[in-house]
Amino acid sequence: MTLKELKNKIYAILDIDVSFETGSVYSKTEGYISYMIDGAMKKTALLAKCLKKSVKLYFSAENGKMCAALPADFASFCCVRAGRTYGRECFEIISDKIRIKNAGFSTAELVYIAFPEKIDENTPQDAELLLPENVLDAVCYACAMEICTNVYPTDVQRYVRIATEYDERLALLISAASEVENVANGFFSPGRGVFA
């Protein structure tokens, strides 16, 4: 789906006429819709855990602790692989760095949830959005829900209908993501935080 197609779907959900006339609801909304889409994509992609990536980490000593820089698109921690698979309990995430608490290695593979690419007013209308269709569908309703309060401030029924549609789509995405993430974290095991 392109950015233009996503916008058109949002406008269709809101019953907004897309003919560009100065002072029209469409022309006013066009001024800020890209920022709404960016926020909705980040929120929905993070909750749906749909952009899973991995990157090699190189740890070095920093103030007596082993640290590595996190990737720029880092959103959420999944695990670290270094011979074994380590959970979140073995690390601290501080700003843009990850620090080892109780494991000893200098390189590892970080598996993480990434944020999607930034969308702003300079993003081309024909840019392909690199998220699954079901996630983009939820993004449409998230944006429509936010824009609805500006366009139809007194139409509570419309807002509730759009918000309910978003909640239902988001619940399906979160449910699907949690089914994939069924990894037991051995709370009482001696290797707490180590999965393999």
Is there a residue being part of a helix (DSSP H, G or I), buried (at least 19 other Cβ atoms within 10 Å of the Cβ) and not acidic (D, E) anywhere in region 17-29?
yes
Residue hits (region 82-100; surrounded by 13 or more Cβ atoms within 10 Å (Cβ to Cβ) and part of a loop (DSSP other than H, G, I, E, B)) are G87
Counted residues in region 6-43 being within 14 Å of I119 (Cα to Cα) and out of contact with any Pro (no Cβ under 6 Å at 6 or more places or on another chain) come to 15
Verdict on S34 being open to solvent by less than 60 Å² (accessible area, probe 1.4 Å), assigned to a helix (DSSP H, G or I), within 30 Å of E146 (Cα to Cα) and of a type in the set (G, A, S)
yes
Counting only residues that are surrounded by fewer than 19 Cβ atoms within 10 Å (Cβ to Cβ) and aliphatic (A, V, I, L, M), which one in region 116-133 is nearest to L3 (Cα to Cα)?
A127
Pairs, first more than 20 Å from L47 (Cβ to Cβ) in region 99-125, second among the small types (G, A, S) and assigned to a strand (DSSP E or B), C-beta under 6 Å, six or more apart
F105/A82; A108/A82; E109/S54
Being in a strand (DSSP E or B), surrounded by 15 or more Cβ atoms within 10 Å (Cβ to Cβ), out of contact with any helix residue (DSSP H, G or I) (no Cβ under 8 Å at 6 or more places or on another chain) and of a type in the set (F, W, Y), is that true of even one residue in region 68-77?
yes
Test: L136 is touching a residue at least 12 places away in the same chain (Cβ under 8 Å), open to solvent by 50 Å² or more (accessible area, probe 1.4 Å), aliphatic (A, V, I, L, M) and part of a helix (DSSP H, G or I):
no
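The values are calculated or read from the model by the stated rules, or taken from the named source; none is laboratory data. Quick caveat: nothing in here was measured; it's all calculated off a predicted structure. In this analysis, Cβ positions are derived from the backbone assuming ideal geometry, glycine residues included, and neighbour counts consider all displayed protein chains. When the accessible area is computed, the model is the full protein with side chains, heavy atoms only, and any ligands, DNA or RNA have been set aside. Shrake-Rupley method; radii C 1.70, N 1.55, O 1.52, S 1.80 Å.
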